[in-house]
Amino acid sequence: MAERIPLSQLGLGAGKKARLPRILYQHGVGTGSCLFLPYDQGLEHGPRDFFANPPAADPQYILRLAREGDFNGIAIQVGLAEKFYWEYAGELPLILKLNGKTEIPPSDRALSPLNAAVEDAVRLGADAVGYTIYIGSPAEHEDFTQFAKVRRDAARRGMPRFVWAYPRGSAIDAKGGRDSFYSVHYATRIASELGADVVKVNFPHTEKRTGVPAPYDGEFSGEQAIDAVVAAANRTMVLVSGGEKAGDEKLLEKAEQSMQAGAAGLIYGRNVWQRDHDAALRLIGRLRDIVTKHPAP
Amino acid sequence: MAERIPLSQLGLGAGKKARLPRILYQHGVGTGSCLFLPYDQGLEHGPRDFFANPPAADPQYILRLAREGDFNGIAIQVGLAEKFYWEYAGELPLILKLNGKTEIPPSDRALSPLNAAVEDAVRLGADAVGYTIYIGSPAEHEDFTQFAKVRRDAARRGMPRFVWAYPRGSAIDAKGGRDSFYSVHYATRIASELGADVVKVNFPHTEKRTGVPAPYDGEFSGEQAIDAVVAAANRTMVLVSGGEKAGDEKLLEKAEQSMQAGAAGLIYGRNVWQRDHDAALRLIGRLRDIVTKHPAP
Amino acid sequence: MAERIPLSQLGLGAGKKARLPRILYQHGVGTGSCLFLPYDQGLEHGPRDFFANPPAADPQYILRLAREGDFNGIAIQVGLAEKFYWEYAGELPLILKLNGKTEIPPSDRALSPLNAAVEDAVRLGADAVGYTIYIGSPAEHEDFTQFAKVRRDAARRGMPRFVWAYPRGSAIDAKGGRDSFYSVHYATRIASELGADVVKVNFPHTEKRTGVPAPYDGEFSGEQAIDAVVAAANRTMVLVSGGEKAGDEKLLEKAEQSMQAGAAGLIYGRNVWQRDHDAALRLIGRLRDIVTKHPAP
Amino acid sequence: MAERIPLSQLGLGAGKKARLPRILYQHGVGTGSCLFLPYDQGLEHGPRDFFANPPAADPQYILRLAREGDFNGIAIQVGLAEKFYWEYAGELPLILKLNGKTEIPPSDRALSPLNAAVEDAVRLGADAVGYTIYIGSPAEHEDFTQFAKVRRDAARRGMPRFVWAYPRGSAIDAKGGRDSFYSVHYATRIASELGADVVKVNFPHTEKRTGVPAPYDGEFSGEQAIDAVVAAANRTMVLVSGGEKAGDEKLLEKAEQSMQAGAAGLIYGRNVWQRDHDAALRLIGRLRDIVTKHPAP
Amino acid sequence: MAERIPLSQLGLGAGKKARLPRILYQHGVGTGSCLFLPYDQGLEHGPRDFFANPPAADPQYILRLAREGDFNGIAIQVGLAEKFYWEYAGELPLILKLNGKTEIPPSDRALSPLNAAVEDAVRLGADAVGYTIYIGSPAEHEDFTQFAKVRRDAARRGMPRFVWAYPRGSAIDAKGGRDSFYSVHYATRIASELGADVVKVNFPHTEKRTGVPAPYDGEFSGEQAIDAVVAAANRTMVLVSGGEKAGDEKLLEKAEQSMQAGAAGLIYGRNVWQRDHDAALRLIGRLRDIVTKHPAP
């Protein structure tokens, strides 16, 4: 189990010292541990994700839900931010997601193009920017280069960087796939090496071992894996995501394991808004309970 | 059926507040619902489109027709705008189409290059810029990156963005084609996510289901589909296009369905100018009647 | 037959109003119809083009010939312009050809790189810039993007744009080839759409119909085709080129047909300088006679 | 055996004259010969490298070790530098590694993307920048272009350039592989030609001769090879790296040979930190003894 | 035989008028005809070129040799220029070679990346810049674009351009190879068209006729070929290079033929420094004799 580092020991500059506490302490459960709502699936998967709960297709519904559920922030793309966020500015932190792609073309060479710049985030009053890195993709060169510019632009403006660290592409598929312990572990480390402040990862699947290198081809428990993943992030805060909609008990168990491992918080989208409004608020309540049990140091 | 949002509730800045009402209320039927004339086919398809009505090959004929038919705007490329629009400036809003391509090379990796910049639109007195996004193309990365620059350049100048949201490329062909409910629905959403003010879409064909993902492989009526498409645009205004020349009754029926679904207007090119002058004015009259019946809120 | 548009009705800005009349009226036959000498074959084909008349390998010989023949302008690349044009500045208008390529690599993906910029043309005292667009090439995206920059740079400096509109590449080869009525017609239109002031085209070959789309697969006379090509250029002036050296009577007949169709002039290179000095002057005399018969309106 | 060149005879400008002596004389054994600790393996190989000694996964552990072992500098990526280096600034020279890649995608076309810029190095108080060139890669063009910008940015700021000169890619694999005398010799020379101040190379393997050109297909001793490699660097200082963890006696023997050949120092990572803390300090002690025996002139 | 053009008749600007006479008249034999020493083989071929005469691996040895032999200039890459040239500044003109590549990756798509910029040449006190163009390569587009920037940067600073005009790539291999009369003739012309002041070519091999176009498939003497090559350069000065080390008599004969044909000078590297010091000086003496016999007009 990794020990979390207090914000005051991260050597942060003024801009991040203004914005990170606003996200972590002035919203959500207020303990420095947190809950985020990602809403970029309309771009990443298309409107098919909204058939399970049609009101979720409306960005206004989602922003209201994030406010009602007292999330620490919402992550959306620039088009929705321009049209909807101005009504919630000051009430709900915005993580402006800067890149994104559709699911339509093949993803063997996955690369997520920039749809917005850090200057858009500043203009829209965002408290952080979000960026998806596809670790292991053959397009890694362009991805790292693209992120380096985002990192520098954000550094110049004191803007925190949230990184979606996603193993992806043909080589990953051949080495255990995108959710293996190997690939999630590696992805987390890379986010830290390249300059993320916060990293979003999927819960590692230790049973996915086909093609992974040693020592990942050995036996590991889920707890060992999530502990290692959070440790690999060192001073980068870890958010564990829910992925596709799954059974609630399994989801809550992984949420608990993640927080115990030292994660800074949870980031759940489809598991939250692919159910009706009241059911969503009930699940949010249970997630808040878990987060509350694990305050930041 | 989606409810249209009044312009005053879109959080627009000064530039768009000057230009969008000029397009929507000071021209056309004057109710905020509208009719546009696209004339980029000389580039997209070549002069073969003009053999059906040879005068249509002359941009001056088309501009005069747009003025006579009291359209809300005309969409042309920079070369024609420079040579012909100055005679109509102040009388007919110009949507400067910024990108375009020929039909000659294969379109499996479709990408529409920029032929003009937002600064050209400002110089020429345009009230909006037009941009074609090829949703789902393997060149999506370059397309999104290219549009992001256009969006930012336009935002800095308060210039409204009209987006031609066209599913295209090999992956789209394998998943129901460019007119399926799936692809039109997805394309509309993406225009909204990426920052369109107005999106131009084709009427969805619900019968095109080969290769589409669930739930689009189920039964949907045309009305259900167009309702969902307009809803997917949320606060982005929807223009439904006519596509290739079709029978008039079918065309008018779809126009009516589109406006009922909450579309902001219609954008018909070949269906208008591939017939003689008087027949064109008669069809324009019938389209204006439909638009007039569905005023903006 | 297309009617030519007087310069005064083109809405030109000051820079073009200074330069185009200098080219069109202060040199050549002085009627606004014109004769140009292109000399970019040393780059495009290599010195093998000069074996037929060895003195033609010397740029100084060609510049002197253009002056003796009282051409309206000469089109050369930047290297030759820097070394030779200073001796003729003020006496013979220069069209600085900005791009060019060799014939050595395969042309299935033809793209002509920029060897000079509009600022070079200004520095060298040129009255226009020349640019080759390869219509229909799979590299069309890069070509259009490249030309868009040239167009904007030229617009900012009031510099006229001469466009070599050449169908080229694998898709063109499969659809009737580079000289078909279809491809020349389309290419001419594109030059107009993208912002050419003057377009150079080859005379269309109506018998090349293999693979062309309707209606180009029907019967057309050469006269019908050249009329349609000139009309497709609308307010862009058309120059018809001679292509490879051919029989003189055939060449003069096409020149006459082109001028009758409303072309603004002729642009002949190899047909002129691949013969000895006196024979060249004799042919130039006959071409001047044709041009003189068709003054600008 | 190559003779080392005193710093004062290298024609250095002020910035390098401030920074190189700080690295070479104010830290480490203080004789101008040196010992560096590279720690970019978390990015290059992933966290699997840390299973042999789990504390090594923590950058703070490594920085402390480098300080305890009195290294002349540590090489890390920008993310770790931002989060950890501020606690050691002024005590341990930082070589900010500017580029890096994962081991996941195929390396037949190896190219290491820039994750940071020289301006980051200045901001973080680094005394040098590090850059990996993949000699012989089919992506060499992009690599050289990328390095040229780094070199110029560094020159403008008086920042020394450390170059990891690594033969890599399909053509190298076909010509003796990445450790052959041929490829290491060539790589060293290239670093010098392109503007490295310090070059990091692997110890050449003279037995790898399959596919190498003459005269490398002949018999050479390890001593001859390392002598030639150091000579090929001419006025560029050579650091010999340890590569994968190997037996200690072999390692120390190569270290001795390298220093005798005129190398400026050693750069050992995994061989140092893939053992426990005390064992690491013991090895460091023996390496320091070797370095001390070979002071700079 | 081509007549050389006096410098005063080239329309040169001030910067070139200062630098070209410095190279051509203030060093070497002092008659405007010249002898250059190229030393970029450490990059282009690797250190294997130095085994024939090991001292040649040391740039200082080469610079001293160039000084002793009173060459008109030396061509080296930026890394060597920074480390070694400062000791010879003012005594020996520097042609900073701006691009270069290794021989390792396949050359079917040859392209030589920029390792330095014109501003480096200015900073280092160079009197000219050198650039390798690979004529006929499928990467010609990038090459021409890259050179166009160098040309403009140099023009702005009055810096002469030396162009290594080398036919290369798969299409050249299929059309007579890199040394055929066809390809050398074409390459020379292109250097002139694109803006070289001085062009370095290989002596054409008229017997290489497989795949060359007419009229190059006919019989030509070496004299006819070199005459045509020098003529194709028109006002660009021609330097004939020695290529791989060959027999001295053959080499001197070609040198004589080249100078008789109107070449401005000779540029010999390996033929000079792949022999011992005294033998090198003896050959230099004989080359100087030839050059002296053919002064500039």
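Charge dipole (Cα centre; +1 on Lys/Arg Cβ, -1 on Asp/Glu Cβ; no other charges) of the protein assembly as shown amounts to roughly 3240 debye.
Rg/Rh for chain B to two decimals, with Rh computed the Kirkwood way over all alpha-carbon pairs. Rg divided by Rh gives 0.93. Remark: chain D carries a charge dipole of roughly 740 debye about the Cα centre, counting +1 on each Lys and Arg Cβ and -1 on each Asp and Glu Cβ.
Shielding by partners for peptide A:104-110, expressed as the average number of C-beta atoms from other protein chains within 10 Å of each residue's C-beta, is 5. Per-residue shielding of C:149-162, expressed as the average number of other chain Cβ atoms within 10 Å of the residue Cβ, stands at 2. Please name which of E:His277, E:Val291, E:Thr210 has its Cα lying farthest along the dipole of the stretch E:159-297 towards the positive end, using unit charges on Cβ (Lys, Arg +1; Asp, Glu -1) and the Cα centre as origin. The listed residue farthest towards the positive side: E:His277. With a threshold of 22 Å on the Cα-Cα distance, the over-threshold entries among C:Lys200/C:Lys245; D:Lys83/D:Lys200; A:Lys200/D:Lys97; D:Lys200/D:Lys293; A:Lys101/A:Lys200 are D:Lys83/D:Lys200; A:Lys200/D:Lys97. Between the stretch E:74-128 and the stretch A:116-190, what's the alpha-carbon centroid distance in Å? Centre-to-centre (Cα) distance: 37 Å. For the stretch A:200-239, the orientation-averaged shadow of the C-alpha convex hull comes to 3.0 nm² (one quarter of the hull surface). Where a ≥ b ≥ c are the square roots of the eigenvalues of the C-alpha gyration tensor, would you call the protein assembly as shown rounded, which needs a/c under 1.5, or, failing that, prolate if a/b is larger than b/c, or oblate? Oblate. Remark: mean inter-chain Cβ contacts per residue of C:75-86 equal 6, using a 10 Å Cβ-Cβ cutoff to other protein chain atoms.
Starting from the label point of B:Gly13 at 7 Å along Cα→Cβ, the same points in the other copies fall at 2.4, 2.4, 3.9, 3.9 nm, in ascending order.
Have a look at the DSSP beta bridges in the protein assembly as shown and tell me what percent are antiparallel, nearest 5. Rounded to the nearest five, the antiparallel share is 5 percent. Partners of D:Lys175 within straight-line reach, counting aspartates and glutamates whose Cα lies under 12 Å from its Cα and excluding those fewer than 8 residues away in the same chain: D:Asp217, E:Glu103. Based on C-alpha pairs under 8 angstrom that are at least 6 apart in sequence, the stretch D:1-151 has a relative contact order of 20 percent. Axis between B and A by rotation; chain B residue with nearest Cβ and distance in whole Å recorded as B:Glu142, 9. Taking a cut-off of 13 Å between Cα atoms, list the aspartates and glutamates near D:Lys254, but don't count ones fewer than 8 places away on the same chain. Partners found: D:Glu223, D:Asp227. Positive end of the dipole of the stretch C:60-133, charges at C-beta (+1 Lys, Arg; -1 Asp, Glu), about the Cα centre: which of C:Tyr131, C:Leu96, C:Phe84 has its Cα farthest in that direction? Of the options given, the answer is C:Tyr131. Selection among E:Leu63, E:Phe50, E:Gly247 by position relative to the dipole of chain E gives E:Leu63 as farthest towards the positive end (Cβ unit charges, Cα centre). Each DSSP beta bridge with both residues in the stretch B:1-141 is either parallel or antiparallel, and the antiparallel ones are about 10%. Specify whether the C-alpha gyration tensor of the stretch C:124-165 places it in the rounded, prolate or oblate class, a ≥ b ≥ c being the square roots of the eigenvalues: rounded for a/c under 1.5, otherwise prolate if a/b is larger than b/c and oblate if not. It comes out prolate by the Cα gyration axes.
Local charge for E:Ser221 was computed over the other residues whose Cβ lies under 12 Å away, with Lys and Arg +1 and Asp and Glu -1, and equals -4. DSSP assigns beta bridges within chain B; of those with both partners inside it, close to 5 percent run antiparallel.
Within the shell defined by Cβ-Cβ distances under 10 Å, the residues around E:Gly79 carry a net charge of +2, with Lys and Arg each +1 and Asp and Glu each -1. Using Cβ point charges alone (K and R +1, D and E -1), the dipole size of the stretch D:1-106 about the Cα centre works out to roughly 400 debye.
Computed from the coordinates by the stated procedures, all read-outs in this text should not be read as laboratory data. These numbers were taken from a predicted model, which means no experiment stands behind them. Here the Cβ is made from the backbone with ideal geometry for all residues, glycine too, and neighbour counts use every protein chain on show.
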